[in-house]
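Some notes on the structure that comes next.
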Amino acid sequence: MRLILLGPPGAGKGTQAQRLVATHGLVQLSTGDMLRAAVNAGTPVGLRAKELMARGELVPDDVVVAIVSDRIDEPDAHKGFILDGFPRTVPQAHALDRMLREKGLKLDAVIELKVDEGILLDRIERRIAETKARGEPLRADDDPQVLHRRLLAYRDQTAPLATYYQLQNVLRSVDGMAPIPEVSRAIDRMLKARSGERAPAASPPAEKAPGNVKKSAKTSVAVPAGKPAKGKSATRPPAGAKQAVAGAKKAGAAPQAQPKTKAKTKAKAKASKAKAKTKTKTKTKTKTKAGKSAGRTASSRKSNRPRRLTKRH
């Protein structure tokens, strides 16, 4: 799990980072700590950073990214890490993305702790008063003026990172003004939801039909084995129909449906016979008429012949 915590000074990033380290076994990577460790170890990047700091110059982004890259390669960071205080600007975010792509890695989430700056200043003043009342020394950042300047720098340089990571769909915002336990629970819920989005959806197991049940190929309705569906005849009769038929048989009378069927078939048979008779009658009449007309023409021809001969003589 690779995370970035965003938020202005006093938002509680350090507190939540320590809890995530203890809960998930992650490594908290602070740019200040990494710079000091690189300088003390005498690495090539650490020596370059040491020269720049000795001259009073700011460490450029490429040097910071190189130090982060070396730290990520160490074994304890393989399980995951939390970047604290880096990136601070959009160009640093671009450089971080390029470095992670080269390693085949990517960020899992960027958690933004949203707070009210006015309430933050009130918290600092109250904490200063409580610390003085206990007689304890003040921390370096326990100064309202210092906090105000840091808030202005955050608003100008680091706040645009929220839009940058929102476009990458990795930004998750949390109400940083809530009590610490509630903020922790909200972060846990977001991380669980994020891991659920990355995991592929498991396909539901195919349901198996019981051993004594078959599926009809046409209707896809389960029917008992050995009794295949037979179209409309497989439909269950209405309640009481079987009892009515059985009672009618015992009384010696046929069911009501049968006489109607027989009457219809008899009527159809009579109608077909009547049609056949009319056809035969029509045929015989036409034949008879044709024969009579042929006989008349023949007789008329015969009767005309003698008359013609008689006239010639």
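Going by accessible area, probe 1.4 Å, with all protein chains left in place, what is the ranking of 99, 190, 53, largest first?
53, 190, 99
Collect residues whose amide H, placed 1.01 Å from N in the peptide plane, falls under 5 Å from the amide H of residue 109; neighbours closer than 5 in sequence don't count.
Answer set, sorted by chain and number: 2, 4.
Between residue 40 and residue 23, what length in nm is gained on full extension when 0.36 nm per residue of separation is reduced by their alpha carbon distance?
So the extension gain works out to 3.2 nm.
So for each of 79-86, 148-155 I average, over its residues, the number of other beta carbons within 10 Å; can you give me the resulting order with the highest mean first?
For the peptides 79-86, 148-155, the packing ranking is 79-86, 148-155.
PRE reach from residue 123 (point 7 Å along Cα→Cβ): which of the range 69-85 fall under 18 Å by backbone N?
The answer is 84-85.
Around residue 136, with a cut-off of 13 angstrom between Cβ atoms, what is the net charge of the other residues, counting Lys and Arg +1 and Asp and Glu -1?
+2
Write down the Å³ per residue value for the convex hull defined by the alpha carbon atoms of the range 43-98.
It is 92 Å³ per residue.
By accessible area of protein heavy atoms, probe 1.4 Å, what ranking do 73, 156 get, highest first?
156, 73
Per-residue HN-Hα couplings for the range 60-68, Karplus 6.51 cos²θ - 1.76 cosθ + 1.60 at θ = phi - 60°, whole Hz, x for Gly and Pro?
So the J values, rounded to whole Hz, are x, 4, 5, 6, 4, 5, 5, 5, 4.
Tally Lys/Arg at +1 and Asp/Glu at -1 over every other residue whose Cβ is under 9 Å from the Cβ of residue 177; what's the total?
Within the 9 Å Cβ shell, the charges total -1.
Once amide H atoms are built 1.01 Å from N in the peptide plane, which residues 5 or more positions from residue 84, or in another chain, come under 5 Å H to H?
Those qualifying (amide H under 5 Å, at least 5 residues apart or on another chain) are 29, 30, 31.
Rounded, prolate or oblate: which fits the range 1-103 when a ≥ b ≥ c are the square roots of the eigenvalues of the alpha-carbon gyration tensor, with rounded for a/c under 1.5 and prolate only if a/b beats b/c?
Here the range 1-103 falls in the prolate category.
The values are calculated or read from the model by the stated rules, or taken from the named source; none is laboratory data. Keep in mind that this is a model prediction, so the values were computed, not measured. Because the Cβ atoms are built from the backbone with ideal geometry, glycine has one as well, and the counts that use them run over all protein chains shown. These area figures cover heavy atoms from the full protein model, side chains too; ligands, DNA and RNA do not enter into them. Shrake-Rupley method; radii C 1.70, N 1.55, O 1.52, S 1.80 Å.
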